[in-house]
Amino acid sequence: DPRCRVIVLEGRHPVFCRGMDLAGVTSGSGGDPADGVRLFARCLGALRGSHRIVVSVVDGEALGGGVGLAAAADLCVATARSIFALPELVLGLLPAVVLPVLRERMLPQKVRALCLTPAVPADAAREWGLVDRWVEDPARLERAVRAVIKHCLRCSPDAVAGLKDLRGPSGGPSLDEALEDGADRTAGILRDPAALEAIRAFLDGEPLPWFDRYRPQEVS
């Protein structure tokens, strides 16, 4: 719609988006999971490439692919009760599809830390570059989002399109190429029977094959 100037991605507390349907992946009820992964990669690419301003509004859990949706937006607004987490490594997966959009926002070490941390609260996510505006009081979220949109609507649509077309110098692959590569890597993992068994074990509350409980050494 040519009248559309701003796209808002919003969940409903306590969830923004929990990412991939793991139960559907293991049961096969959702078809070939590789198809869904590639569609999601194209979704992130479309959000980043859109000439509209994209705003993500996070008020709750953003997990896995949900972190990718938050990061792909031009502006991410989050409340103090929000958390961001990439649980893929625990499941034997890789957050390969969301990494390209995270790398546009965050320093490489902070991306690794996000992958290796159980959950990051919104204030830390703001310091790391994932969140652009932090709303301490969730009751003020709607007012904060309206203020963001009001300013966005003051911007020239042509100027916004020009801004989003600008790319910094880079010797690496384009964003679309990086997203496609991430989708291929994730699809390959999801075809591995051992990986699917590990996800089933996680959903059933069983220990994963690589899980080793930390036991402090006794002092003699």
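The values are calculated or read from the model by the stated rules, or taken from the named source; none is laboratory data. Note that the structure is a prediction, hence the values are computed from the model and not measured. A quick note on method: Cβ atoms are made from the backbone with ideal geometry, for glycine too, and the neighbour counts reach across all protein chains shown. For accessibility, only protein heavy atoms count, side chains too; no ligands or nucleic acids. Shrake-Rupley method; radii C 1.70, N 1.55, O 1.52, S 1.80 Å.
A few notes on this one:
- Selection from 56, 107, 2, by position along the positive dipole direction of the chain (Cβ): 2
- Summarising the strand pairing of the chain, around 15 percent of its internal DSSP beta bridges are antiparallel.
- Cα-centred dipole magnitude for the chain, charges only on beta-carbon of K, R (+1) and D, E (-1), debye, nearest 20: 840 debye
- Rounded if a/c under 1.5, otherwise prolate or oblate - the stretch 51-177, Cα gyration tensor axes: oblate
- Multiplying the residue separation of residue 103 and residue 127 by 0.36 nm and subtracting their alpha-carbon distance yields 7.2 nm.
- Segment residue 153..residue 192, full-extension length gain: 9.4 nm, with 0.36 nm per residue of separation and the alpha-carbon distance subtracted.
- Global form of the stretch 1-74, assessed from the alpha-carbon gyration tensor, a/c cut-off 1.5: oblate
- Listed residues 27, 66, 43: farthest to the positive end of the dipole of the stretch 22-66 (Cβ charges): 43
- Computing Cα Rg over 2.2 N^0.38 Å directly from the structure and comparing it against (1) 0.94; (2) 0.99; (3) 1.10 singles out (3).
- A simple rule links phi to the HN-Hα coupling: the Karplus curve 6.51 cos²θ - 1.76 cosθ + 1.60 with θ = phi - 60°, which for the stretch 181-188 gives 5, x, 5, 5, 5, 5, 4, x Hz, with x for Gly and Pro.
- Near the amide H of residue 7, within less than 5 Å, lie the amide hydrogens of 53, 54, 55, all on another chain or at least 5 residues away, with H placed in the peptide plane.
- Whole-Å distance, taken between Cα centres, linking the stretch 1-65 and the stretch 141-161: 21 Å
- Global geometry of the stretch 118-182, whether rounded, prolate or oblate, following the gyration tensor of its Cα atoms and the 1.5 cut on a/c: oblate
- Cα-projected label distance for residue 177 with residue 42, points at 7 Å along beta-carbon direction, nm: 2.1 nm
- Label zone at residue 164, where the point sits 7 Å out along the Cα-to-Cβ direction: the stretch 1-36 residues whose backbone N lies under 14 Å: 1-9
- Computed with a 1.4 Å probe over protein heavy atoms only, the accessible surface of the stretch 1-131 comes to 45 Å² per residue.
- Sum of side-chain charges, residue 206 neighbourhood, beta-carbon under 11 Å (Lys, Arg +1; Asp, Glu -1): -1
- Summing charges over all other residues whose Cβ lies under 12 Å from the Cβ of residue 185, with Lys and Arg as +1 and Asp and Glu as -1, gives -3.
- With every protein chain in place, the stretch 2-121: carbon and sulfur % of accessible area (1.4 Å): 59 percent
- Residue by residue, the stretch 138-148 carries 3J(HN,Hα) couplings of x, 5, 9, 4, 4, 4, 5, 5, 4, 5, 5 Hz when phi is fed to the Karplus relation 6.51 cos²θ - 1.76 cosθ + 1.60 (θ = phi - 60°); x denotes Gly or Pro.
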